[in-house]
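Student: Let me give you the structure first, and then I'll get to my questions.
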Amino acid sequence: MNLHPNRIVRAGWAALVGLLLLVNPLFAQTKRALVIAIGKYPGASGWQSISSANDIPLIRAALAYQKFTDVTVLQDDKATKTGIINALNTLIGQCRPGDQVVIHFSSHGQQISDDSNDELDGYDEAIVCYGAPASASAKPNYDGSQHLRDDELNQLIETLRGKLGASGDILLIADACHSGTISRGGIAKIRGNSQPFNLSGKAPQVRSAPGRQVAKPFLAPSPARGGVATGLAPYVVISAAKAGELNYEYILPDGSDKGVGSLSYVINKVLRSVNPSETYRLLFNRIVAEMKLVAPQQTPEIDGDYDRQLFGGKAVQQVPYYPIQQLTDSGKQLIIAAGRLETVNVDTQVRVCPAGTTDPMQASSFLSGTVVQAGMFSATIRLEKPLPADQQLKQWVFVTERSFGDLSVALSLDSLRNGPLRTAAENVLKALPLVKLTSVKASELYLSQLDSAGVSYALVRKTTDGFVVGKPIPVNRPTDGETISLRVQNYAQGKFLQTYNPSYPGIGLKLELIPSKPGGRDATDTLNRAGFLQNGLMMFSPTDKASVRITNTGSLRVYFSLIDIQPDGGVSVVFPTKETSVNHDLPENYVIEPGKTLIIPRRLDFSPPFGTETFKVLAALEKFDLRNVVGLRSLDRGTRGLSNVLEKVFGIAQLVMRGTEGEGTLPETAVGSFSYPFLIVPTRPQ
């Protein structure tokens, strides 16, 4: 396999983060956090240094956005086993009933000989604390006392749950795993060790158990986690990768070559756009969708009480906003603490409105502005007129039109052996301004060649995992170069759509896939979902069928369309279905009233490519038809004739990809979205 330069393997384990908690009016709740990051281990321990320190500002920013006020950081040599236990006990001592707690770990992780005979495979999962050795060769006769085992951590968490009570809440997030293996290319960092630590005289005692066994998420405890019935705080565990997968660091695309935890990066994004009706399961769905962009070859997992609302369902419906960090140039420019990480790119349009504004488009008093400079974590905005200095703390900044930012795709032709084929492909692709031809090492996609029966085929592959984007393309005709071009454009369209997550007060949809009975009569003849769930995600094989259930959780009547983003990056419209001479599926059929639920009559089949697929529901107040613009070919039509902003989402994305002049931003208002990731596997475990 090839190593994607924007991702570094982290296979150890990482962040425990409790973020959002239920509100109990009987107590003045406090949002507390403990951030533990171990990146610089002693040289004699056998562990390599990792980028845990870079996770700290990401988690701090996410916590600040969610109003966590009591945050403690424990880093590197302070995070010995004793230091971690003392910090957790201090946290427990400070907590009161109803408090919300965050505990974040970034470190190596490892399996170690089970000391209580409660693990089926004979190994405990453990946090590698500062000073813990990687193997017996690093510290002969080691007794395991410097690893923090899952059993020990769970005892502390149980004490914390009791202190918080049923009105409290904990969310644990592990931004790594213990399944580190040899990395692609041999140059990537690894968090953790794929080889368990066998303590002297502690041969693993492997036990058997009845029924189908599914590996639990890293550090997820086995006991029930219900809070109300037991008087304990409910909690959720989210891990960055399932057992056997690598957890990849992500290199920030700002030229700094700085690595961060892929899950920490995503957590920073999703916690900035929480909806009032959102549950932990829905939050996890958004995490999975975002992880497909930064680490598509790994599958996050969830465990615990995740079918409950964030903030107890009492969050205020609020269009996302940004406080003003600084006024410059005599009030003609301002700086906000948001940048390309949140798709606040150059040319993004904003409104500056009085603090407390819930909908900027309804504000009677505002200043307009344009982003003129965007870093990863900050943006400079030029205002239409100066803002007085005394208004800095009295105004909020809202995005009203979001620019596309970088839709470019780095693509390599180095793997094409046939000289004429390479020249032909280069001539087609260099005509696309946003295709950057580069080396394999620096690429996002690459073209490879397959020769069969005298015919040459071009394969568009993802550099991270070798996934083939679409089917092989024969390249023996002049028009085949255009097919390669369209394939790359379709991938870029999907890349854009993954990051396009509009929201609008009153627009809220929830999608569910309901398994169909074999030989069932219609879409309402369904099966229980339990047998299709794997660590929080629905799982289907090519022999399965499912129905789509849509619920309008908002207060507005909306039209909707369902988009499929495949594991290989390809995009297609699921509903409305493709129009044929016998099928006249119309956009006006896809409308739903507030509070209503409907099951779409047509059932779905599943097919390769295998991996994590995402259904994305887009909704608007007027009807729209995306079938006309997914894979749009005609350049001369521009975006004229596209009646709805969502039609322009696809049309403009494609036209910008091809370098066509025209609109470069999209309105943020009156559009909503919902992402639903699921797994497609060759065979579903029975």
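Student: Lys and Arg at +1, Asp and Glu at -1: add these up for the other residues within a Cβ distance under 13 Å of residue 602 and post the number. Working shown, then result.
Tutor: Details: positive: 545, 549, 578, 603; negative: 522, 585, 605.
Net local charge, residue 602 excluded: +1.
Student: Could you work out how much longer the chain between residue 528 and residue 372 gets when fully extended? Use 0.36 nm per residue separation minus the Cα distance between them, nm to one decimal.
Tutor: Numbers: separation 156, 0.36 × 156 = 56.16 nm, distance 5.21 nm.
Contour length minus the Cα-Cα distance gives 50.9 nm.
Student: Under 5 Å between amide H atoms, partner at least 5 residues away or on a different chain: which partners does residue 74 have, H built in plane at 1.01 Å?
Tutor: Residues meeting the criterion, in which the H sits 1.01 Å from N, are 35, 36, 37.
Student: What area, in nm² and to one decimal, does the C-alpha convex hull of segment 409-493 cast on average over all directions? Don't skip to the end; give the middle numbers.
Tutor: Details: hull surface 20.3 nm².
Directional mean of the projected Cα hull area for segment 409-493 stands at 5.1 nm².
Student: Which value in nm describes the separation of the simple spin-label points at residue 390 and residue 73, placed 7 Å from the Cα toward the beta carbon?
Tutor: That separation, rounded to one decimal, is 3.6 nm.
Student: Quick check on segment 409-493: of the DSSP beta bridges with both residues there, what percent are antiparallel, nearest 5%? Present the calculation step by step, with values, prior to reporting the outcome.
Tutor: Working: 11 of 17 bridges.
The answer is about 65 percent antiparallel.
Student: Please list the radius of gyration and Dmax for segment 322-399, considering alpha-carbon atoms only, with Å as the unit.
Tutor: When restricted to the Cα atoms of segment 322-399, Rg and Dmax are 11.2, 32 Å.
Student: Still on this structure, please answer the following. Please list 154-166, 492-504, 95-107, 378-390 highest first by mean number of surrounding beta-carbon atoms within 10 Å per residue. Write out the running numbers ahead of the final one.
Tutor: On the way: 154-166: 19.2, 492-504: 21.5, 95-107: 26.5, 378-390: 15.8.
Put in order of decreasing packing, that is 95-107, 492-504, 154-166, 378-390.
Student: Note down the nm distance, to one decimal, between modelled labels 7 Å out along Cα→Cβ at residue 330 and at residue 49.
Tutor: Each label point is offset 7 Å from its Cα along the Cβ direction, giving 4.7 nm.
Student: At a threshold of 8 angstrom on Cα-Cα distance, excluding pairs fewer than six apart, so keeping six or more, what relative contact order does segment 409-493 reach in percent?
Tutor: Working: 139 pairs, mean separation 22.7, N = 85.
After rounding, I find 27 percent.
Student: When only Cα pairs under 8 Å and 6 or more residues apart are kept, what is the percent relative contact order across segment 48-144? Could the numbers behind the result be given before it?
Tutor: Values: 51 pairs, mean separation 25.6, N = 97.
Here the relative contact order equals 26 percent.
Student: Name the lysines eligible as straight-distance cross-link partners of residue 394: C-alpha to C-alpha under 23 Å, and not fewer than 8 places from it in the same chain.
Tutor: Hits, sequence-local ones excluded: 67, 332, 385.
Here, each number is a calculation from the coordinates, and none is a lab measurement. Just so we're clear, the structure is a prediction, and the values are computed from it rather than from any experiment. With ideal geometry, Cβ positions are generated from the backbone for all residues, glycine too; neighbour counts draw on all protein chains shown.
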